[in-house]
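Asker: This is the structure I want to talk about, given as structure tokens.
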Amino acid sequence: MSAAKMDVAQPTEHMIGPSSINPVRLDSKDHFLHQNTTSIDDDTTGDIAANNLANQLASQFARYELTQPPPYYSTDNYTMQADVIDRSGNHDVEKVIEVAPNGRYARLNTLLGKGAYKIVYKGIDREEGYEVAWNIFSQPATTDYGELSHEIEILKSVRHPNIIAFHDAWSTNNEFVFITELMTSGTLRDYIRKLSLPNIKVVKRWSRQILKGLVYLHGHEPPIIHRDIKCDNIFINGAHGEVKIGDLGTAQENSPLISSAKRYTVIGTPEFMAPEMYEEKGYSEKVDIYAFGMCLLEMVTGEYPYGECKNAAQIYKKVIQNIKPECLSKVQDEEVLALINSCLSPENERMSAQEILEHSFLAVEPEVVLVATDSTKKHLHLLVVFKGMEKLSVKFEFNADTDTADEVVSEMIEEQVLPQRYQQLITGEINRILRDMTKDSGNHQNDTAKLVWRREFDYQSELEQTRLETLKAEERALEAQKRCEELELQASIAEEKFADTVRKMTAIEVEEQIESPQDTTRSTHAALMEHVLSKYEDDEDIQGLVLDAAAATNRGRDKATEWVHKLHDQDILTVGDLRGLYDEDWAGLGLTVFALRALKNTLKGKRPSMRSNSISDIDGTGSVEDVPSV
Ligand SMILES: Nc1ncnc2c1ncn2[C@@H]1O[C@H](COP(=O)(O)OP(=O)(O)OP(=O)(O)O)[C@@H](O)[C@H]1O
């Protein structure tokens, strides 16, 4: 291994974000930053070089060793949950403490956490109404913020669901502040510590999200290298299981304008730093893959890599000698172990973030979806979907009559459209869709049968309803018939009585005529009957009677008026006048036979119903005269 003689110095180039403000971070589990300024000395043996560098680093660590942090920096004193505490350590209700120079952001007194050089408070974006993270760095007096503006603009342009959004930044006399997206559940490291070890499914889900963030950064134009990927810099929104890469303060544009397109600044956290980061040869975005491998190791073992080392120099020594962290031996899952080893392999052998995403350990099992079908349900358009990896998706046509899932999938594998390892799964999926379709059409038949059954049922109930109603109607008709028979009986009894009375009166009349044969006037009983049965008084105007007669024979008021006029012409003004007419007088009234009959019948007291076309003659003869309809 080549060794490097290195002078640890303040950086001469600008880091993106505030790391250039605090370029050296030197607690053993934390960052260090260093500018590689000298050339590689190939004559020096790896061990000697490593020891030299380790000694140099150790002296730097001693030189920069942190002083005792203030109480609010103490891990014991702070909790991740909204711990409302001010800078003097006073607990308080949540309230606004200060407002950004542009007035948009307000800092609350809720402490979210602290890092080696950064304190993070909850803030509010007053324009959008979101909660944000208000990050405060102590500011060295010498920092030139003008030169940072470009980097800040780049950070602002980074927008990805798996990268914490950077909103704004500004400086005050002694602080550098930047506003980022707020994450609700702390860092991945806290999470792993708080919960017992995450299961492999969760590890896969987290890993996929981290890698998607890296794919984005590395695919950025120009590519961005994070340089400090570790579980402390990966944040969680617990409610949605969202994982985002944070702390882009160390990120660096890998600008093509810089000759070898490689970086030389040593920055990061020793445990997560790839060997090439220590070397003068430069490094690429693959350093983030190395760091991701260490994260994966921490996720599956719950242990910080190189926990066995006492300081960064020891770590460095192991790294350059290619000695892996001890906790690697605790990884049980063969696939995970292979993936971690591949991430920790030499730079040129390391996969890209996209390739790891497609690695069998992380690749999402594909699903087959039915996109469309024709009306016969025989010609299907199917899509093999690899969620999150749309470019791998395959769309194809399937003829249910002529194709089989086995043949189609084998063909796609031969054509290298699909990886062999999914053969069984995709074949099964296609067969599942075919089965579902058959089931579906079966269900449709059942639905039709149900519909017919329902309709029959409806008809049956309708018929039943009608039958019941008919029965009730029949009952009512029977009752009505019974009532009619009763009434008929009563009527015939009444008729009988009436006939008896008439007979008796006729007998009396005959006796009277025998006694006074000269009396030619109408029979007593006839006159008596007229009076008894008629409701019209003799002195009553004929108007009412004529109207009744007309109404009883369905004639209108006009007809009645005409009849009245004709009667008045003959000086018949009252009912009495009409009643006093002899039969021969009636004929000379100038009225039609119809009108005469109607008037006579009404006068005799029979008032036919309005709907009846007949008027009974109840003059004792029992005859009924039909009144012709007009
Ligand atoms: N965006 C955020 N949302 C919520 N909490 C955050 C956010 N950023 C940081 N924190 C909290 O603040 C703590 C300190 O942040 P961070 O670790 O990034 O600081 P640092 O000084 O960069 O730390 P390090 O020592 O890891 O470099 C985190 O552990 C976390 O609890």
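Asker: Give the residues of segment 181-193 that are within 12 Å of the ligand (Cβ to nearest atom), on the phi < 0 side of the Ramachandran plot and not in a strand (DSSP E or B), sorted by residue number.
Answerer: Leu182, Met183, Thr184, Ser185, Leu188, Arg189, Asp190, Tyr191, Arg193
Asker: Do you know which residues across segment 546-574 are touching a strand residue (DSSP E or B) at 6+ places or on another chain (Cβ under 8 Å) and outside any loop (DSSP other than H, G, I, E, B)?
Answerer: Residues satisfying the conditions are Ala552, Thr574.
Asker: Output the qualifying pairs, or none if there are none: Cβ atoms under 9 angstrom, residues six or more apart or on different chains, first residue in segment 371-400 and more than 16 Å from Val417 (Cβ to Cβ), second residue at pLDDT below 85 and not in a loop (DSSP other than H, G, I, E, B).
Answerer: Filtered contacts from segment 371-400: Thr373/Met437; Lys377/Met437; Lys377/Thr438; Lys377/Asp440; Lys377/Ser441; Leu380/Met437; Ala400/Met437.
Asker: Go through segment 96-125 and count every residue that is away from the ligand (no atom under 13 Å from the Cβ) and out of contact with any strand residue (DSSP E or B) (no Cβ under 6 Å at 6 or more places or on another chain).
Answerer: Count: 4.
Asker: Restricting segment 196-233 to residues that are among the polar types (S, T, N, Q) and modelled with pLDDT of 90 or more, which is nearest to Tyr117 (Cα to Cα)?
Answerer: Residue satisfying both the conditions and the ranking: Asn233.
Asker: Follow-up question, since we're still on this one. Right, Leu418: in a loop (DSSP other than H, G, I, E, B) and buried (at least 18 other Cβ atoms within 10 Å of the Cβ) or not?
Answerer: Yes.
Asker: Having 2 or more residues that are in contact (Cβ under 8 Å) with a residue 40 or more places away in the chain and closer than 30 Å to Leu382 by Cβ is the bar; report the helices (runs of 4 or more DSSP H) wholly within segment 259-370 that clear it.
Answerer: Per the criteria, 353-357.
Asker: Among the residues of segment 300-327, write down those that are crowded, with 24+ Cβ neighbours inside 10 Å and over 22 Å from Glu349 (Cβ atoms).
Answerer: Across segment 300-327, the qualifying residue is only Ala312.
Asker: Same structure, new question: Could you tell me whether segment 208-218 includes any residue that is over 34 Å from the mean Cα position of the chain (by Cα), in contact (Cβ under 8 Å) with a residue 60 or more places away in the chain and outside any strand (DSSP E or B)?
Answerer: Looking for residues that are over 34 Å from the mean Cα position of the chain (by Cα), in contact (Cβ under 8 Å) with a residue 60 or more places away in the chain and outside any strand (DSSP E or B), one finds at least one in segment 208-218, hence yes.
Asker: Shifting gears a bit: For Ile236, state whether it is part of a loop (DSSP other than H, G, I, E, B) and within 12 Å of the ligand (Cβ to nearest atom).
Answerer: no
Asker: Going by the structure shown, is Ala400 more than 28 Å from Gly213 (Cα to Cα) and at pLDDT 85 or above?
Answerer: Considered against the rule, which asks whether it is more than 28 Å from Gly213 (Cα to Cα) and at pLDDT 85 or above, Ala400 comes out as yes.
Asker: Can you tell me how many residues in segment 129-180 are modelled with pLDDT of 80 or more, of a type in the set (Ser, Thr, Tyr) and part of a strand (DSSP E or B)?
Answerer: Count: 3.
Asker: Out of all the residues in segment 239-284, which are under 24 Å from Glu181 (Cα atoms), modelled with pLDDT of 80 or more and surrounded by 20 or more Cβ atoms within 10 Å (Cβ to Cβ)?
Answerer: Passing the criteria: Val243, Lys244, Ile245, Gly246, Asp247, Thr269.
The values are calculated or read from the model by the stated rules, or taken from the named source; none is laboratory data. Worth saying up front: this structure is predicted, and the values here are computed from it rather than measured. As a convention, Cβ positions derive from the backbone with ideal geometry for all residues, glycine included, and neighbour counts pool all protein chains shown.
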